[in-house]
Amino acid sequence: MRLVILDDYDLASEWAAKYIRNRIVQFKPSADRFFTLGLPTGSTPYGCYQKLIEYYRHGDISFKYVKTFNMDEYVGLPRAHPESYHSYMWNNFFKHIDIDPANAHILDGNAQNLEEECQAYEQKIAEAGGIELFVGGIGPDGHIAFNEPGSSLVSRTRVKTLAKDTIVANARFFGNDLFKVPTMALTVGVGTVMDAKEVMILITGAHKAFALYKAIEEGVNHMWTVSAFQQHPRTIFVCDEDATLELRVKTVKYFKGLMHVHNKLVDPVLSIKDQ
């Protein structure tokens, strides 16, 4: 497990974007060999997406041969609703890059049969050859995707009832009206993300500090689902200084002492112009 600590949100976002860029460029995707990327929504990955768009516009990266699978979507929210995760992804990322819409997969929260939709999503991931890099974010209660506290750590894509804390946290996107926030979602499972070849989790802000502490300094616990990734062979937690506030001083010092190694993952920054 790697813990990459940057000074602030912008630097953490840039480090994550450089890492994604390098992984795609190194992979050399083609029509016969797509790079498969798992993606989150929310405020945390926004800065990373903005950087990736910048890299695309400068001609350093292409998403032509990239397939994406998003983590989750609300149940019952129209796809065109401004707070649906379809809208979020298209407005904040997909429409600004050269990805084929057919290769951008997002769960359908309005499907006639939600169980079948979830099973079909798992099948699509398998048919794509599994996920090369799954990028995720977490909630203040340590949930990844919508795998709320108490979720099975071997869970697959399924329908999930949202915890009250999650509904309250998301109310800010719905005019602070709790009654407008969807109470159910479709989400990939912890096991689905664990199957990825590599996982990168973005954690920023002091309000996520206790969750980061639970994720890396205590044991694996289904009440803090992000802690499961201690057991993944290739996990990178990317955080800012504020997110480390609950960690022991020696833990922070240990991982900061490794930054010269971690920074080699993004330095030099690779470009398709050089291929």
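The values are calculated or read from the model by the stated rules, or taken from the named source; none is laboratory data. Since this is a predicted model, take the numbers as computed values, not measurements. Don't worry about glycine lacking a Cβ; one is built from the backbone with ideal geometry, like all the others, and counts go over all protein chains shown. Surface accessibility is based on the protein's heavy atoms, side chains included, excluding ligands, DNA and RNA. Shrake-Rupley method; radii C 1.70, N 1.55, O 1.52, S 1.80 Å.
Structural remarks
- Cα centroid separation, the range 49-102 to the range 150-218 (Å): 20 Å
- Difference of contour (0.36 nm per residue) and Cα-Cα distance, residue 206 to residue 258: 16.5 nm
- Backbone N under 18 Å from the residue 177 label point (7 Å along Cα→Cβ), restricted to the range 35-77: 75-77
- Extension reserve of the residue 28-residue 248 stretch, reckoned as 0.36 nm per residue once the Cα distance is removed: 75.2 nm
- GNM flexibility winner over the chain from 72, 32, 242 (Cα, springs under 10 Å): 32
- Per residue, the accessible area of the range 68-168 comes to 42 Å², computed with a 1.4 Å probe over protein heavy atoms only.
- Choice from 235, 183, 44 showing the highest fluctuation, given a GNM over the chain with Cα pairs closer than 10 Å: 183
- Tensor-based shape of the range 45-127 (alpha-carbon gyration tensor, a/c under 1.5 rounded, otherwise prolate or oblate): oblate
- Nonlocal amide H pairs with residue 205, under 5 Å, H built at 1.01 Å: 240, 242, 243
- Sites residue 102 and residue 168 - FRET efficiency at Förster radius 25 Å, r taken between beta-carbons, to 0.05: 0.10
- The candidate values are (i) 50; (ii) 43; (iii) 56; the one derived from this structure for percent of Cα pairs over 25 Å apart carries the label (ii).
- Subtracting the Cα-Cα distance of residue 87 and residue 11 from 0.36 nm times their residue separation leaves 24.8 nm of extension gain.
- Overall, the chain carries a charge dipole of about 520 debye about its Cα centre when +1 sits on the Cβ of Lys and Arg and -1 on the Cβ of Asp and Glu, all other atoms neutral.
- Top of 175, 137, 205 by mean-square fluctuation, Gaussian network on the chain, Cα under 10 Å: 175
- Annotation: amide H of residue 237 within the under-5 Å range of 2, 3, 4, 201, sequence separation 5 or more or interchain, hydrogens built in the peptide plane.
- Per-atom-type breakdown for the range 99-211 gives carbon and sulfur 53% of the accessible area (1.4 Å probe, protein chains only).
- Residues with amide H under 5 Å from that of residue 137, placed H, sequence gap 5 or more: 145, 202
- DSSP beta bridge pairing in the range 2-274, given as percent antiparallel to the nearest 5: 30 percent
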